[in-house]
1. Taking A:A163, is it within 14 Å of chain B (Cβ to nearest Cβ) and aliphatic (A, V, I, L, M)?
2. For the range A:92-104, what are the residues that are touching a helix residue (DSSP H, G or I) at 6+ places or on another chain (Cβ under 8 Å) and either under 24 Å from A:V5 (Cβ atoms) or of a type in the set (A, V, I, L, M) (or both)?
3. Just to confirm my filter: which helices (runs of 4 or more DSSP H) fall fully inside the range A:5-95 and include at least 2 residues that are more than 27 Å from A:L124 (Cα to Cα) and more than 14 Å from every other protein chain (Cβ to nearest Cβ)?
4. Checking A:L104 against (1) within 14 Å of the chain's Cα centre (by Cα); (2) among the hydrophobic types (A, V, I, L, M, F, W, C); (3) part of a helix (DSSP H, G or I), only one condition comes out false. Which one?
5. Please go through the range A:101-115 and give me each residue that is farther than 12 Å from A:L60 by Cα and either among the β-branched types (V, I, T) or without any contact (Cβ under 8 Å) to a residue 12 or more places away in the chain (or both), ordered by number.
6. Among the candidates A:L219, A:L203, A:L194, A:L124, single out the residue that is within 30 Å of B:M55 (Cβ to Cβ) and either more than 19 Å from the chain's Cα centre (by Cα) or buried (at least 22 other Cβ atoms within 10 Å of the Cβ) (or both).
7. Determine if the range A:146-153 includes at least one residue that is modelled with pLDDT under 95 and of a type in the set (A, V, I, L, M).
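The values are calculated or read from the model by the stated rules, or taken from the named source; none is laboratory data. None of these values were measured; they are calculated from a predicted model. Reconstructed Cβ throughout: ideal geometry from the backbone, glycine too, with neighbour counts over all protein chains shown.
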Amino acid sequence: MSDLVIVTGASRGLGLALCRQLLAAQYRVLALSRSETDETKQLKQEYPAFEFVTVDLADLSQLPALCAEWIKRLGRPYALINNAAVGYDGVLATMHNSEISSVLTLNIEAPILLCKYLLRPMLLNQRGRIINISSIIARTGFNGLSVYAASKAALEGFSKSLAREVGKAGITVNCVAPGYMQTEMTSSLQGDKLDSIKRRSPLGRLATPDDAAAAVLFLLSEQASAVTGTTLTVDAGSTA
Amino acid sequence: MELHSHIRQTLQQVAVLANCQLIEPITDDTVLLESGLDSLGFAMLVAQLEEELGMDPFSEMQIAVYPRTLGEFIAIYQQAADQTAG
């Protein structure tokens, strides 16, 4: 049986591109998201190796039981890709506290708990991959995205330490940091801002979700077995 | 008693997997930190027991509990098993 990869935030954007590439590369995919889309419904029809589960990852208390159920039903996963995230655009001084809290819950607490429960079977297998999707904003900063940036920087710090913790069990932990991509998440960034990012990038374009997904596929591969504790930036050179 | 021997047996298996050398003899009074199994090995023991017994009593507890000896570790599983059965 082919290796199982669990992907969060799988219904659109990078998560969806990732599912498509994983299925094309013969992985089994457990896709998690709050809502199903036409695209995920279509993947389900096309690929028997694709399973979609509706789940609200911000409901942290249900995660241990859910992980146990997935492992029991589908076997020990080879990899976890923490891609689900939320970002509210707005200055901190007027951001509602509930929004700050929900960014931290979904972007950092949920990935940490998923890592905790899904790396256990990887420990028993003595092999596995954890890939956390960060953002160039973790290091560059961006006006109006301070809490989002904090969550992504936290994810990178977390990944480095976890890489040290589980390396001897044959598990690698890395981040992929995409730059600005044309997805629904960045739809508020259209117009002049986006054009200026494109113009300034060495490659004269934005990275696409497929570009970032390809970096994830590399980190999953056997060829990346000596890569751990690092962040792979895919931003068409924006931060060069 | 069955659970007791199951955990003792799993400890031995996991020690091999984790490449750790357990001290001899291992008794219920053995302090876990001195047993020879490292912290990642303990994580593997909890993971293996969760797969085999279908429970992780530590996650189900409301507060963080760290047993000191193997006997205390086993007692936590026994208590969880009794609660499930009861």
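1. Against the criterion (within 14 Å of chain B (Cβ to nearest Cβ) and aliphatic (A, V, I, L, M)), A:A163 qualifies.
2. A:L92, A:M95, A:I100, A:V103, A:L104
3. Because the criterion is at least 2 residues that are more than 27 Å from A:L124 (Cα to Cα) and more than 14 Å from every other protein chain (Cβ to nearest Cβ), the helices (runs of 4 or more DSSP H) in the range A:5-95 that meet it are A:13-24, A:38-46.
4. Unmet for A:L104, out of (1) within 14 Å of the chain's Cα centre (by Cα); (2) among the hydrophobic types (A, V, I, L, M, F, W, C); (3) part of a helix (DSSP H, G or I): (1).
5. Of everything in the range A:101-115, those that are farther than 12 Å from A:L60 by Cα and either among the β-branched types (V, I, T) or without any contact (Cβ under 8 Å) to a residue 12 or more places away in the chain (or both) turn out to be A:S101, A:V103.
6. Exactly one of A:L219, A:L203, A:L194, A:L124 is within 30 Å of B:M55 (Cβ to Cβ) and either more than 19 Å from the chain's Cα centre (by Cα) or buried (at least 22 other Cβ atoms within 10 Å of the Cβ) (or both), namely A:L124.
7. Checking the range A:146-153: not a single residue is modelled with pLDDT under 95 and of a type in the set (A, V, I, L, M).
One line per residue, one yes/no per condition, for (1) of a type in the set (G, A, S); (2) within 17 Å of the chain's Cα centre (by Cα); (3) surrounded by fewer than 22 Cβ atoms within 10 Å (Cβ to Cβ):
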residue	(1), (2), (3)
A:A85	yes, yes, no
A:A93	yes, no, yes
A:H96	no, no, yes
A:N132	no, yes, no
A:A149	yes, yes, yes
A:L155	no, yes, no
A:F158	no, yes, yes
